[in-house]
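See structure below.
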Amino acid sequence: MKKSFTTVGCGRVGGAMARYLATAGYQPAGFASRSLSSAKRASEAAGSSAPASVQPWDVTPGADIVLITTPDGAIRETAVKIAEYKGVGKDTVVLHCSGALPSTELAALADCGAKIGSMHPLQSFADENIEQNPFAGIMMAVEGQEQAVAAARQIAESLGAAPFEIRTDCKRLYHASAVAASNYLVTLMNLSLQLIMVSGVAPADSWKVLKPLVTGTLGNIEKNGIPRALTGPIARGDMETVEGHLAEIGQKAPTRLELYRLLGRHTIEIAQAGGGLSEQAAERLKEILAPTGSTD
Ligand SMILES: NC(=O)c1ccc[n+]([C@@H]2O[C@H](COP(=O)([O-])OP(=O)(O)OC[C@H]3O[C@@H](n4cnc5c(N)ncnc54)[C@H](OP(=O)(O)O)[C@@H]3O)[C@@H](O)[C@H]2O)c1
C-alpha cells in the first residue's frame with residue numbers, strides 16, 4: 001500500500017498535489033489550512049473523508065508524509081508550531097514545495113526526528129480549478145535529508161513528474177534560474193510585443209506574428225546551444241542597424257530604451273562566445289549600447 005499523507009496549506013499546489021496523489025494511490029490522512037473551508041474542499045477534491053482542521057497538529061500525527069504547501073512566508077512558523085505540538089513522529093517525512101526556500105526551513109521538525117526535504121514542481125499553478133494533472137511531464141527539484149529525498153522522488157514519479165536533485169545550499173540560485181526562465185521570459189515578450197505594436201502591427205495580430213519566431217528560437221537553443229542560436233545584428237556586428245533601433249525606440253518607446261540597451265550589452269558576450277564578433281566590433285557595440293548618460 002502507498003504511504004499516507006497530510007496536506008497543510010490547501011491552496012493551488014496543495015490542493016492539486018493532494019488530488020493527484022490520492023489518484024495515484026497515496027492515502028489522505030488529513031487536511032489543514034488557514035480556513036476550514038479550504039481544508040474541506042481539498043479533502044473533497046481528493047475524494048477522501050479524511051479529517052479537516054485549521055490546526056495542522058490535529059491532522060499531522062500518524063501520517064507517513066506531511067506536505068507543507070502554505071505560502072513561503074508561513075512555512076517556517078507552521079513547522080515550528082507543528083513541532084511545538086509534537087505533530088510529527090520520528091521518521092515522518094516532511095516536505096515543503098517552495099522553490100526559493102531550502103529544506104532547512106523545516107529545521108524545527110528535524111529536531112523532533114522528522115526527515116525534512118523540499119520538492120519544487122517546475123510548473124505555474126495559476127488556478128485552483130484544474131482539469132488535467134499539472135504534474136504530468138514536468139520536472140520536480142528535490143533536496144534535503146536522504147529519506148525525505150527518496151520519498152520526494154517517489155511522490156514526483158507517482159504524480160508523473162521527473163525528479164532531479166539540487167544542492168540545499170544552492171536552492172535560491174536554482175530558483176533565480178527558474179524565475180529568469182519563466183517570469184523574465186514574460187518580461188521579454190512584453191518588450192517585444194510593445195515594440196511591435198508601436199511599429200503599427202495590430203494588437204490582435206502581434207502575438208501571432210512573433211510566436212513562430214519565439215518557438216523557432218527555442219528550438220534552435222535546444223538543437224544547437226546558446227551561441228549558435230544567436231542571429232541578428234549584434235551577432236553580425238551590424239552597428240548601423242543597432243544604432244537605428246536605439247534612435248527609433250528612443251523616439252517612439254523611450255521607456256523601453258534602457259532595457260533594450262541592457263539586453264544588447266549581454267548579447268555582445270554571447271556573440272563573442274559564438275566566435276563571429278571581433279574584439280573591435282564588440283568594443284564599438286558596447287559604446288553604442290552603453291547606458292544612457294554613461295561616460296565610459
Ligand atoms: N503557484 C505556483 O505556481 C507554485 C509553483 C511551484 C511552487 N509553489 C509553492 O507552493 C507553495 C504553495 O503555493 P500556492 O501557490 O499553492 O499558494 P496558495 O494558492 O496561496 O495556497 C496556500 C494555502 O495555504 C493556506 N495558508 C496560508 N497561511 C497558512 C498557515 N499559516 N497555515 C496553514 N495554511 C495556510 C492558504 O489558506 P486558506 O485558503 O485556508 O486561506 C492557502 O490555501 C509555496 O511554497 C509556493 O512557493 C507555487
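Every number in this text was worked out from the coordinates using simple rules, so none of it is lab data. A quick note: this is a predicted structure, and the numbers were derived from the prediction, not measured. Here the Cβ is made from the backbone with ideal geometry for all residues, glycine too, and neighbour counts use every protein chain on show.
Answer with yes or no whether residue 195 is of a type outside the set (Lys, Arg), within 14 Å of the chain's Cα centre (by Cα) and either at negative phi or outside any helix (DSSP H, G or I) (or both).
no
For the range 1-20, name all the residues that are within 8 Å of the ligand (Cβ to nearest atom) and β-branched (Val, Ile, Thr).
Hits for the range 1-20 are 8, 13.
Which of the following residues is farther than 22 Å from residue 153 by Cβ, over 22 Å from the mean Cα position of the chain (by Cα), buried (at least 18 other Cβ atoms within 10 Å of the Cβ) and within 16 Å of the ligand (Cβ to nearest atom): 63, 52?
Step by step, each of 63, 52 is checked, and only 52 is farther than 22 Å from residue 153 by Cβ, over 22 Å from the mean Cα position of the chain (by Cα), buried (at least 18 other Cβ atoms within 10 Å of the Cβ) and within 16 Å of the ligand (Cβ to nearest atom).
Would you be able to say whether some residue in the range 23-33 is within 8 Å of the ligand (Cβ to nearest atom) and either surrounded by fewer than 21 Cβ atoms within 10 Å (Cβ to Cβ) or more than 20 Å from residue 158 (Cα to Cα) (or both)?
Among the residues of the range 23-33, at least one is within 8 Å of the ligand (Cβ to nearest atom) and either surrounded by fewer than 21 Cβ atoms within 10 Å (Cβ to Cβ) or more than 20 Å from residue 158 (Cα to Cα) (or both), which makes the answer yes.
Quick test for you: out of 185, 195, 159, pick the one residue that is surrounded by 16 or more Cβ atoms within 10 Å (Cβ to Cβ) and either within 16 Å of the ligand (Cβ to nearest atom) or under 30 Å from residue 83 (Cα atoms) (or both).
159
In the range 249-286, which residues are part of a helix (DSSP H, G or I) and more than 35 Å from the chain's Cα centre (by Cα)?
Once the filter is applied, which keeps residues that are part of a helix (DSSP H, G or I) and more than 35 Å from the chain's Cα centre (by Cα), the range 249-286 yields 251, 279, 280, 281, 283, 284.
For the range 40-77, give me each residue that is β-branched (Val, Ile, Thr) and out of contact with any Pro (no Cβ under 6 Å at 6 or more places or on another chain).
Across the range 40-77, the qualifying residues are 54, 60, 65, 66, 68, 69, 70, 75.
Quick check on my filter: what residues within the range 257-272 are in contact (Cβ under 8 Å) with a residue 40 or more places away in the chain and under 14 Å from residue 237 (Cβ atoms)?
270, 271
Kindly provide the set of residues from the range 228-247 that are within 22 Å of residue 214 (Cβ to Cβ) and surrounded by fewer than 14 Cβ atoms within 10 Å (Cβ to Cβ), ordered by number.
231, 232, 241
Scanning for something at negative phi, in a helix (DSSP H, G or I) and among the hydroxyl-bearing types (Ser, Thr, Tyr), does the range 228-245 turn up at least one residue?
Yes, the range 228-245 has at least one match.
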